[in-house]
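The values are calculated or read from the model by the stated rules, or taken from the named source; none is laboratory data. Note that this is a predicted model, so its numbers are computed, not measured. Using ideal geometry, Cβ is built from the backbone for each residue, glycine included, and neighbour counts are taken over all protein chains shown.
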Amino acid sequence: MPLVPLVLLMALPALLYSFLMFDRLVRAEYEHDRAAWEADGKPRGFFWQAPECTWPRSPWSVHRLSVLWLFTTPEWTAKAPDSRIALRRLRVAVGVWCILIALAMLLVPLTVPGHGA
């Protein structure tokens, strides 16, 4: 199997795991701090959705929170140790995904005949 597709295949579990951790965080926010969930725009997860999710606010809030939570820790997680763990795991999974995607991009020139070393 060529190297680039292999690296991309290795990256998929990290991406799926990050989706699951994001869903876990959104659901925890929904169940334990409904006011914060509403203030965040009533987000849905990638695989989970609360009945109150609305279009177009929910998809917008998913995009916003999926980036925001990588760099900031929501206050509501202070009351939920499991959410802190899920947040840490989300960050690690996204970091692994980014590193593997960067590696695949660096390998592309090496796989093109006549280019690279």
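Candidates are the residues of segment 52-75 that are assigned to a loop (DSSP other than H, G, I, E, B) and modelled with pLDDT under 95; the one that is surrounded by the most Cβ atoms within 10 Å (Cβ to Cβ) is 53.
Of the residues making up segment 36-49, those that are touching a Ser or Thr at 6+ places or on another chain (Cβ under 9 Å), farther than 15 Å from residue 86 by Cβ and not polar (S, T, N, Q) are 40, 41, 42, 44. When restricted to residues that are within 18 Å of the chain's Cα centre (by Cα) and more than 21 Å from residue 16 (Cβ to Cβ), segment 69-113 contains 6.
Does residue 44 satisfy being charged (D, E, K, R) and in a loop (DSSP other than H, G, I, E, B)?
Values: charged (D, E, K, R): yes; in a loop (DSSP other than H, G, I, E, B): yes.
It is true that residue 44 is charged (D, E, K, R) and in a loop (DSSP other than H, G, I, E, B).
Filtered by the rule that a residue be loosely packed, with under 13 Cβ neighbours inside 10 Å and either free of Cβ contacts under 8 Å to residues at least 24 places away in the same chain or under 27 Å from residue 7 (Cα atoms) (or both), segment 76-87 gives 78, 81.
Among the residues in segment 15-32, are any farther than 30 Å from residue 103 by Cα, of a type in the set (D, E, K, R) and surrounded by 14 or more Cβ atoms within 10 Å (Cβ to Cβ)? For segment 15-32, residues farther than 30 Å from residue 103 by Cα, of a type in the set (D, E, K, R) and surrounded by 14 or more Cβ atoms within 10 Å (Cβ to Cβ): present. When residues in segment 47-73 are screened for being of a type in the set (A, V, I, L, M, F, W, C), in contact (Cβ under 8 Å) with a residue 12 or more places away in the chain and more than 16 Å from residue 91 (Cα to Cα), 4 of them pass.
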